[in-house]
Structures are given as C-alpha cells and as structure tokens.
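The values are calculated or read from the model by the stated rules, or taken from the named source; none is laboratory data. Nothing here was measured: the structure is a model prediction, and the numbers come from that model. Every residue, glycine among them, receives a Cβ derived from its backbone with ideal geometry; neighbour counts consider all protein chains shown.
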Ligand code: SF4
C-alpha cells in the first residue's frame, strides 16, 4: 500500500507492507512518517478547521478548529454538529466554542472583540 505523509510539506511517498503491529514503512525521510503510517492504518485522526455561525452581523462566521485531532471517521458527524452551533458571545482566540466536542474542545481561532474587527 502507498500513502503520502502529510506531516510536513515534503510529502514523502510511503510504501507500506504488513499489518497490525508488524508494519514496515519505506520512503519516509524521518521517523514521523513511520508513526504517521502506523497511526493512519490503526487510528486515523485529523484536526478539523472550519467556521461556526454567530449572531453578530459584523462577524457572521467565526473560524474554529478542534483543540486536538479527532477520529477521521467522526469528521462528518462533527460537521453536522457544527451546523447546529451558534456563537452568542464575543470570544477571544483560544476560547472554547464547545467544551465537549468528539473527545476534545472546539476553539475559536480568531478574536471577535470589536477592536479587532474591520468595520
Ligand atoms: S516522512 Fe518526515 S520528512 Fe517525509 S513528509 Fe513525513 S514528516 Fe515530512
């Protein structure tokens, strides 16, 4: 099996043989690629970055991301949940939008305070 390592911009093409705990990875320029391949086969995860609706006309969408990576299989359900969320108070970067979000937090990646919004 082949896959591209997405840990850094080098994008090494990984050649993977074996399964379970007996996995051999060729083509990685560093150990991170080997770890990436093993995780990708056993428990693939991704950080989710998107936007959430707000009640504020001057900033109708707030950029957000998961504080940690979540299981790749949960991404569609995570997006469905995000469509149900509305931010009703002005948040700072790093504030929680949702405390319990697929095993981690959903956090703001922008500052909503008035002085930081271009009106
Ligand atoms: S194997 Fe290492 S060098 Fe290659 S893309 Fe992955 S992180 Fe980057």
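Across the range 9-32, the number of residues qualifying as touching a helix residue (DSSP H, G or I) at 6+ places or on another chain (Cβ under 6 Å) and within 6 Å of the ligand (Cβ to nearest atom) comes to 2.
Results for (1) within 30 Å of residue 25 (Cα to Cα); (2) within 18 Å of the chain's Cα centre (by Cα); (3) at pLDDT below 95, shown as yes or no for each residue.
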{"position": "58", "(1), (2), (3)": "no, no, yes"}
{"position": "66", "(1), (2), (3)": "yes, yes, no"}
{"position": "70", "(1), (2), (3)": "yes, yes, no"}
{"position": "85", "(1), (2), (3)": "no, yes, no"}
{"position": "92", "(1), (2), (3)": "no, no, no"}
{"position": "100", "(1), (2), (3)": "no, yes, no"}
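One residue stands out in the range 33-52 among those that are more than 18 Å from residue 68 (Cβ to Cβ) and within 11 Å of the ligand (Cβ to nearest atom): the one that is surrounded by the fewest Cβ atoms within 10 Å (Cβ to Cβ), namely 34.
With respect to being touching a helix residue (DSSP H, G or I) at 6+ places or on another chain (Cβ under 9 Å) and at pLDDT 95 or above, residue 48 fits the description. Of the residues in the range 18-26, at least one is surrounded by fewer than 12 Cβ atoms within 10 Å (Cβ to Cβ), at positive phi and not assigned by TED's automatic domain parsing to the domain that holds residue 110.
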